[in-house]
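Step one of this worksheet: look at the structure below.
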Amino acid sequence: MREDAQIAGMEPEMREWEKNIRQVVPYVPGEQPNLPDMVKLNTNENPYPPAPGVLKALEEFNVDKLRLYPDPTSIILGNVLADYYKVGTDQVFVGVGSDDVLSMAFLTFFNSNLPILFPDITYSFYDVWAGLYKIPYETPALDETLRIKKEDYYKENGGIVIANPNAPTSVCEDLSFIRDILEHNKRSIVIVDEAYIDFGGTSAMELIKEYDNLLVVQTFSKSRSMAGMRIGYAIGHSDLISALHNVKYSVNSYTMNQPSLYLGVEAVKDDRYFKECINKIVNTREYVIEEMKKLGFSMPESKANFIFATHEFIPAAEIFAALRTKNIFVRYFNKPRINNYLRITIGTEEEMKILLDFLKEYVRSKNNS
Ligand SMILES: *Cc1c(COP(=O)(O)O)cnc(C)c1O
């Protein structure tokens, strides 16, 4: 726009319609490089394939189904999730990844003039949605050990969002912590984003019958190996779910495409495969933590499929850059308070051995210099 104006020899001034453009600072997702020999540990994807039933359903998918609009209520997926979590179908909301579900929840529930609250270090999409929807917000600081201070959430607010386990810290709070937050916040809606809960935490799902202001959000992207399919869901009191549906039907009725509905159902059905994959990842995580500690790394206790590690003397930014030269991708956040940490996704055992072998050599070379 400015360049055009300069070419035309005019003063670059704001055109009338530009004043009405929504100003947003978008979320920046982790990069998606596609190199033949890369070790991709930067966006917390699951290294194992989706359940075998998902592949079978994909192969047998009747392409004629694509002619028709999908079911706007996503009922087949809602039903299977309701069965799995032993809640009513009217307590389940399904969306295009939990990003869609969370975005809808912000739009639906956070309409107060009081600020909503979430930690200063957490999933960096929350402040983006707050900005997009013009929701006032405050971000109480985590303590020095990267834990949430629950007392910060006792004051009046327009809503609360807690990622548990938190990202990118991997720290998980127990149920009594979530219950305490709920006890102090009966007047606002509390969203617990449980993207990583299956890797060792206790879900707040069981508190839903006690607290009608609690919304639990989960995703198929991490523990169910289906980030590419885009499926997320929220579970809560039927009044919350019906409010979410009203807003969704005011934006786009057909959010879930036909394949995602059918394949999503198959993923939930195979609980044994689900638990096997999680076990493998948890075992690999514990092994990686042990090995990294020997190399001078430390990290908070992880209940996620990633760790948040810092080295005793080598700056994280340097390690990040060195790993990249070997096509080993991890995530580095150049932000105050966390700019000396690396967020490392737990991949397969083979991938983690490649990472550890590199780190062993790298730390040794630094020790000798
Ligand atoms: C990955 C992630 C999500 C979103 O995942 P979807 O792929 O959109 O389901 C939400 N919250 C947190 C904390 C995450 O890490």
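The values are calculated or read from the model by the stated rules, or taken from the named source; none is laboratory data. The structure presented is a predicted model; accordingly, all values stated were derived computationally and were not measured. We place every Cβ from the backbone using ideal geometry, glycine too, and count neighbours over all the protein chains shown. We work out accessible area using only protein heavy atoms, side chains counted, and drop any ligands, DNA or RNA first. Shrake-Rupley method; radii C 1.70, N 1.55, O 1.52, S 1.80 Å.
So here's what we get for this one:
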item: Burial order of peptide ranges 216-226, 14-24 (average beta-carbon count within 10 Å, highest first); result: 216-226, 14-24
item: Dipole moment magnitude, nearest 20 debye, the chain about Cα centre, only Lys, Arg, Asp, Glu C-beta charged; result: 340 debye
item: Approximate spin-label separation L58-D83, in nm, with each point projected 7 Å along Cα-to-Cβ; result: 2.3 nm
item: Among T122, A105, Y85 the positive-end extreme of the charge dipole of the stretch 44-133 (Cβ point charges); result: Y85
item: Along each principal axis, Cα extent of the stretch 1-135, largest first, Å; result: 62, 47, 39
item: The stretch 47-121 - percent of accessible surface contributed by carbon and sulfur, probe 1.4 Å; result: 58 percent
item: Mean separation of Cα contacts under 8 Å, 6 or more apart, over the residue count of the chain: relative contact order %; result: 23 percent
item: Solvent-accessible area per residue, Å², over the chain with all protein chains present [probe radius 1.4 Å]; result: 49 Å²
item: Formal net charge of residues neighbouring P115 (Cβ-Cβ distance under 11 Å; K, R +1; D, E -1); result: -1
item: Label-point separation in nm, K19 to E31, each point 7 Å along Cα→Cβ; result: 4.1 nm
item: Convex hull (Cα only) mean projected area of the stretch 219-369, reported in nm² to one decimal; result: 12.2 nm²
item: Contact order relative to length of the stretch 1-141, as percent, for alpha carbon pairs under 8 angstrom and 6 or more apart; result: 20 percent
item: Length added when fully stretched, E156-E286, from 0.36 nm per residue minus Cα-Cα; result: 42.8 nm
item: Accessible surface of the stretch 130-183, 1.4 Å probe, proportion on carbon and sulfur as whole %; result: 49 percent
item: For the stretch 152-263, alpha-carbon Rg over 2.2 N^0.38 Å; result: 1.13
item: Convex hull per residue volume in Å³, alpha carbons only, for the stretch 43-87; result: 146 Å³
item: Most to least packed among 125-131, 104-110 [average Cβ atoms within 10 Å]; result: 104-110, 125-131
item: Cα centroid of the stretch 16-94 to Cα centroid of the stretch 173-189, whole Å; result: 29 Å
item: Accessible carbon and sulfur surface of the stretch 227-309 relative to its total accessible area, %, 1.4 Å; result: 48 percent
item: Fraction of antiparallel bridges per DSSP, the chain only, in percent to nearest 5; result: 55 percent
item: Percent of Cα pairs exceeding the 31 Å cut-off, where the set is the chain; result: 41 percent
